[in-house]
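Here the structure comes first, spelled out in structure tokens, and everything after it is commentary.
The values are calculated or read from the model by the stated rules, or taken from the named source; none is laboratory data. Quick caveat: nothing in here was measured; it's all calculated off a predicted structure. Quick note on the areas: whole protein, heavy atoms, side chains included, nothing else; ligands and nucleic acids left out. Shrake-Rupley method; radii C 1.70, N 1.55, O 1.52, S 1.80 Å.
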Amino acid sequence: MAIRKRGNRYQVSYRCPGETSPRTETFKSEDEAIIRDKQIKLAKKNGTFEPPVKIKKGTVREAKQEITVSDFLDEYVENYGLKKWGNSYYSMSLGLIKNYIKPYIGDRYVRSLTVRDMDTYYTMLLDRPAVVVPGHMDTGAKITARTVSRIHKLLKSAFGKAVVWEYTSVNPTIGATLPTAKAKKREVWSDDEAIEALSACEEQPLRLCLYLALGCSMRLGEILGLQWRNVHISDEEVNGGAAYLRVDRELHRCNNNSIEALERVNRSTILYKFPSIMPKQATTTLVLKAPKTDSSNRTIYLPNAVVEELRNIKAQQEEDKQLLGDGYRDRDLVVAQINGNPYEQRVIDKKFYKFIAKNKLRPVVFHSLRHSSTSLKLKLSRGNIKAVQGDTGHAEARMVTDTYAHGFDADRKLIAQEMDAGFFAKVGNVEQEQHVDADTVQRIKALLKTHPDLLTELLKEMD
């Protein structure tokens with residue numbers, strides 16, 4: 001067996017039992033050729049090697065079975081993805097296919113892939129560099145186990161369709177071994193830490209973002225996509241304790257290809273596209289889009305402290321409009337730059353990290369504020385999960401309890417202390433003459449039940 005380069009392609013040559021001439025398979029990348037070479041060698045060593053079936057050119061069977069992963073995924077996206085995916089998942093899936101699937105196994109025939117092939121592929125990915133997103137720095141990071149898990153989820157669905165469409169008889173991802181993804185525990189501020197942060201933050205728009213995240217359990221994309229038309233803070237509503245805001249959109253940056261494709265089939269969830277300010281032709285567009293789940297569409301009632309912050313920012317925006325005149329781009333955004341343009345999430349994240357460092361606060365990510373808010377509401381509501389779920393927009397109550405149970409650590413510590421004081425401290429201190437065994441207690445209960453007058457006499461004696 002050997003790997004040879006022929007122009008821009010790589011060939012793997014190997015011999016099959018009973019055949020006089022060697023077989024050759026061609027690949028676009030050296031990585032694919034190396035994977036195939038190792039697969040063949042391992043299969044021959046284990047005695048499980050089966051030569052690919054030769055199909056006569058031009059037959060119907062050839063047309064259905066001799067399809068590469070690359071061509072199949074194009075068909076899968078067109079016939080399945082466009083019917084099922086939203087803008088965000090469509091963009092992510094196209095990125096995974098382009099960056100991590102086609103370059104490595106795109107030239108392989110769908111029917112030739114085995115579970116062992118997928119195991120080898122997943123393991124190999126972990127040693128490859130992650131693709132650098134335009135506009136971001138190259139940190140030399142490798143592909144993570146989490147990314148491999150996303151690739152697996154996408155391919156499992158795709159090859160499931162390949163079986164239905166009769167391109168292959170088996171789904172090679174079923175039974176494949178995924179690398180272990182270590183779940184990193186997210187650091188979350190305690191109530192006191194959150195109060196300290198709110199007290200220290202004076203810079204807008206970060207201050208308002210903190211209030212909305214902690215007071216309303218909102219995601220950052222929801223905060224940045226919030227518009228005044230969905231904010232109801234009139235004097236009448238505030239005085240009646242019924243001030244509220246409505247969450248029905250979020251700010252997001254979408255791939256232009258996904259936008260055009262979903263618009264073509266009338267499945268786009270985009271409500272508004274912001275004009276591009278990039279000097280060059282951009283591949284993405286900043287948009288307001290509907291949330292990915294119906295449960296994320298929700299009404300949130302507002303604490304008076306949040307109402308005050310919203311009114312302050314509204315007054316400031318009116319001053320900006322007067323100052324800039326026609327230079328103000330009114331997008332009706334609650335969180336907006338001085339000229340009315342939107343803030344992107346990475347900008348707020350950067351402000352947040354600087355604020356933490358300046359005030360020497362415990363490092364957390366912005367999304368953890370939503371966790372802090374939810375945990376606090378669970379405690380204040382005495383565990384009213386359904387009420388809190390209405391604010392967070394989770395699809396199931398179980399997601400609230402599973403995700404935010406850590407917020408009760410302080411209460412659990414108090415319970416442990418109460419157990420010491422109210423229970424264990426009494427062990428061994430009970431006087432022997434006061435000890436009554438269980439049988440005696442049962443006899444006394446039976447006696448009092450049949451002779452209730454004895455209880456009256458007993459109480460008189462105790463007085």
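What pairs in K45/K153; K84/K161; K102/K142; K142/K354; K350/K379; K161/K185 have C-alpha atoms more than 24 Å from each other? Violating the 24 Å Cα-Cα cut-off are K45/K153; K142/K354; K350/K379; K161/K185. Per residue, the accessible area of the range 194-268 comes to 43 Å², computed with a 1.4 Å probe over protein heavy atoms only.
Considered as an equivalent ellipsoid built on the Cα gyration tensor, the range 154-238 has semi-axes of 47, 22, 10 Å, the largest given first. Here the accessible area is traced with a 1.4 Å probe on the protein chains. For the range 225-381, carbon and sulfur cover 49 percent of it.
Only protein atoms count toward the accessible area here, which uses a 1.4 Å probe; on the range 145-214, the carbon and sulfur part of that area reaches 49 percent.
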